[in-house]
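Some notes on the structure that comes next.
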Amino acid sequence: MIISVASGKGGTGKTLVATNLALSLAREDRVQLLDCDVEEPDAHIFLKPIFNQSKPVFIPIPQVDEEKCTYCGQCAEVCAYKAIAVIKKHVLVFPELCHGCGACSYLCPEDAIAEVGREIGVVEIGNSKGIEFIHGKLSIGEAMAPPIIREVKDHIVQGRTTIIDVAPGTSCPVVEAVKGSDFCLLVTEPTPFGLNDLTLAIEMVRELGVPCGVVLNRTGVGDKKVEDYCLKENIPILLQIPLDIEIARLYSRGIPLVEGITKYRETFLKLFHDIEQRAQSISGERDD
Ligand code: SF4
Ligand code: SF4
């Protein structure tokens, strides 16, 4: 089963939920944790994995053979990202804007465009406390997170429980990470910002057809509007984590919650079994 852990808003406790869910499960199941927040991966701070593989990630970018080029301009016309321009007798490629879609080389009438790999980041694979740990890291200055996320997700092994730590927000990298999940946990906080961003995240997962539930973090602050919204929209709140200075202290020291306050291990196991039941019953309904 693949469970993605997302949040409309940054700083809500998404990594706290993803890492502690994986650590709690690792005692009774074969678990993978994929950190797909490739612009700012931080799950490794809590799991402290030992990495044994590192693979660079490349995207194909155009390389123009000006001997063959007639400067017809078709490559520039087809590029939706303005990553290639034809100015008089010159073809300029802007590698940082190129999405590696291949349209320009496919459509070049003179077969003047070859594709060369450009490194945009790395995927690292390791182990920690019985968990297979994989994360992606986008190189500084690069903008193309989805190809790295796809590379990280290529390591999903069927038959295992896979937890995916997703970037905050609802943009392309989030959609890339969440799609294909059996269930998405949306972590939020009981504040107006938390509610606003939760509504956007719920629209996204509904569009993707992924069932979801909410984890409400730092309860005790803010108001009841997130709970009222979830009730109205028939979205289950599967776990509430109180605002607690001890949880914040552990987090700031990179100590997983289930290791600092061990009773939370049961809490996260219960959360997993609840998700498992819901995902199975939803998939049963879809089959009927
Ligand atoms: S489409 Fe091909 S031939 Fe035309 S300008 Fe681009 S590289 Fe040159
Ligand atoms: S590969 Fe795609 S994004 Fe890159 S320059 Fe060609 S058309 Fe543009």
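The values are calculated or read from the model by the stated rules, or taken from the named source; none is laboratory data. Worth saying up front: this structure is predicted, and the values here are computed from it rather than measured. Cβ sites come from the backbone with ideal geometry, for glycine too, and all protein chains shown count toward neighbours. Heavy atoms of the whole protein, side chains included, go into the accessibility calculation; ligands, DNA and RNA do not. Shrake-Rupley method; radii C 1.70, N 1.55, O 1.52, S 1.80 Å.
Brief remarks follow.
- Here is the list for the stretch 209-288: trypsin sites (Lys or Arg not before Pro) lying in DSSP coil, each with at most 10 other C-beta atoms within 10 angstrom of its C-beta, are Lys224, Arg253, Lys263.
- Ordered by 1.4 Å accessible area with all protein chains kept, Asp182, Asp35, Asp228, Asp42 run largest first as Asp228, Asp182, Asp42, Asp35.
- Cα-based reach from Lys88 at 25 Å (exclusive), listing lysines while leaving out same-chain residues under 8 positions away: Lys68
- About its Cα centre, the dipole of the stretch 1-55 is roughly 120 debye, where the only charges are +1 on Lys and Arg Cβ and -1 on Asp and Glu Cβ.
- Candidates Ala143, Ala80, Ala18, ranked by Gaussian network fluctuation over the chain, Cα under 10 Å, top entry: Ala80
- Accessible-area ranking of Glu66, Glu207, largest first, probe 1.4 Å: Glu207, Glu66
- With the whole protein complex present, Tyr251 retains an accessible surface near 90 Å², based on a 1.4 Å probe.
- For the stretch 63-71, putting each phi into the Karplus relation 6.51 cos²θ - 1.76 cosθ + 1.60 with θ = phi - 60° gives couplings of 10, 8, 8, 6, 5, 8, 5, 10, 6 Hz, in residue order, rounded to whole numbers and with x for Gly and Pro.
- Taking the Cα centre of the chain as reference, the dipole from Cβ charges on Lys and Arg (+1) and Asp and Glu (-1) amounts to some 620 debye.
- Cross-link partners of Lys48 among aspartates and glutamates (Cα-Cα below 15 Å; sequence separation of 8 or more within a chain): Asp35, Glu124, Glu132, Glu259
- Summing Cβ point charges (Lys, Arg +1; Asp, Glu -1) relative to the Cα centre of the stretch 1-104 gives a dipole of roughly 60 debye.
- Residues of the stretch 108-130 with amide N under 18 Å of a point placed 7 Å along Cα→Cβ from Val157: 124-130
- Percent of alpha-carbon pairs separated by more than 31 Å within the chain: 36
- Fluctuation leader among Ser105, Ser139, Ser181 - the chain, Gaussian network, Cα springs under 10 angstrom: Ser105
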